[in-house]
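Enquirer: What follows is a single structure, and I will ask about it in a moment.
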Amino acid sequence: MSKQTKRIILPDPVYENSQVAKLVNHIMRRGKKTIAQKIVYGAFEIIKTKTKQEPLEIFQKAVENTSPMLEVRSKRIGGATYQVPIEVKESRREALAIHWIISAAKQKKGKPMYERLAQELIDAANNMGQAVKSRENLDRVAEANKAFAHFAW
């Protein structure tokens, strides 16, 4: 059995950043990349006008603030299932953060997606918003189950 190689995601054309390309790919539905790019770049324009800061910095701060350090995995030991806290790899940490930001933006209603995404990114950069709450909930669960950390594999 050969190990699969991890795909290298090319940086996006506008900001030349691979994290932005990953955000576009997460937003993309049914291969419609141009629509996903319009959403992301539209959100970045709103961030630029609202905060008067570089949107790339806001985005990176938002990802950093929503990235979890620990997560829990279920492990079955002798008939009982324990929630074992384990450290999160850097690639998964980034993927979870982007996923939570997009999910939080999708849950908001009444505005176009690019406005909701911009607001969620600004909130996450300021350590507020639904995406940061998701990370805090995961941290809380991991902290509550740290007694089972010795079961980590």
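Bear in mind that the values in this text are calculations on the coordinates, not laboratory data. Quick caveat, the model's predicted, so the values are computed rather than measured. Neighbour counts run over all protein chains shown; Cβ positions are idealised from the backbone, glycine included.
Enquirer: Which of the listed residues, Asn145, Ala104, Pro68, is farthest toward the dipole's positive end in the chain, when Lys, Arg count +1 and Asp, Glu count -1 at the beta-carbon?
Expert: It is Ala104.
Enquirer: Another question, then. Lys48: which aspartates and glutamates have alpha carbons under 15 Å from its alpha carbon, excluding same-chain residues fewer than 8 sequence positions away?
Expert: Result set, ordered by chain and number: Glu57, Glu115, Glu120, Asp123.
Enquirer: Which of the GluC sites (Glu not before Pro) across region 1-95 are loop residues per DSSP, with 15 or fewer other Cβ within 10 Å?
Expert: Passing sites in region 1-95 are Glu16.
Enquirer: Turning to a different aspect of this structure: How far apart, in nm, are two points set 7 Å out from the Cα along the Cα-to-Cβ line at Lys38 and at Met1?
Expert: So the label points at Lys38 and Met1 sit 4.4 nm apart.
Enquirer: Follow-up question, since we're still on this one. Pick out, in residue order, every one of the trypsin sites (Lys or Arg not before Pro) in region 109-140 that is DSSP loop and has at most 13 other C-beta atoms within 10 Å; say none if there are none.
Expert: Filter output for region 109-140: Lys109.
Enquirer: May I ask for the angle, rounded to the nearest 10°, between helix 55-66 and the longest principal axis of the chain, with both axes built from Cα atoms and the value confined to 0 to 90°?
Expert: For helix 55-66, the angle is close to 20 degrees.
Enquirer: A follow-up question, please. Using only the Cα atoms, work out Rg/Rh for region 90-153, with Rh taken as the Kirkwood radius, to two decimals.
Expert: 1.11
Enquirer: Hey, another quick one. Taking other Cβ within 10 Å of each residue's Cβ, how do Lys33, Lys22 sort, fewest first?
Expert: So the residues, fewest neighbours to most, are Lys33, Lys22.
Enquirer: Among Lys89/Lys109; Lys3/Lys106; Lys111/Lys146; Lys61/Lys111, which pairs are too far apart, with a Cα-Cα distance over 29 Å?
Expert: Lys89/Lys109; Lys3/Lys106; Lys111/Lys146
Enquirer: Between (i) 1.04; (ii) 0.93; (iii) 0.97, which entry matches Rg/Rh (Cα atoms, Kirkwood Rh) as derived from the coordinates of this structure?
Expert: (i)
Enquirer: Viscosity 1.306 mPa s, temperature 10 °C: give me the Stokes-Einstein translational D for region 2-90 in µm²/s, with Rh taken as the Kirkwood radius over C-alpha pairs.
Expert: 100
Enquirer: Run the quick spin-label model on Ala152 and Ser103: label points 7 Å from Cα toward the beta carbon, then report their separation in nm to one decimal.
Expert: 2.2
Enquirer: If you take the square roots of the eigenvalues of the alpha-carbon gyration tensor of region 39-104 and sort them as a ≥ b ≥ c, do you get rounded (a/c under 1.5), prolate (a/b over b/c) or oblate?
Expert: Since a/c reaches 1.5 and a/b is larger than b/c, the shape of region 39-104 is classed as prolate.
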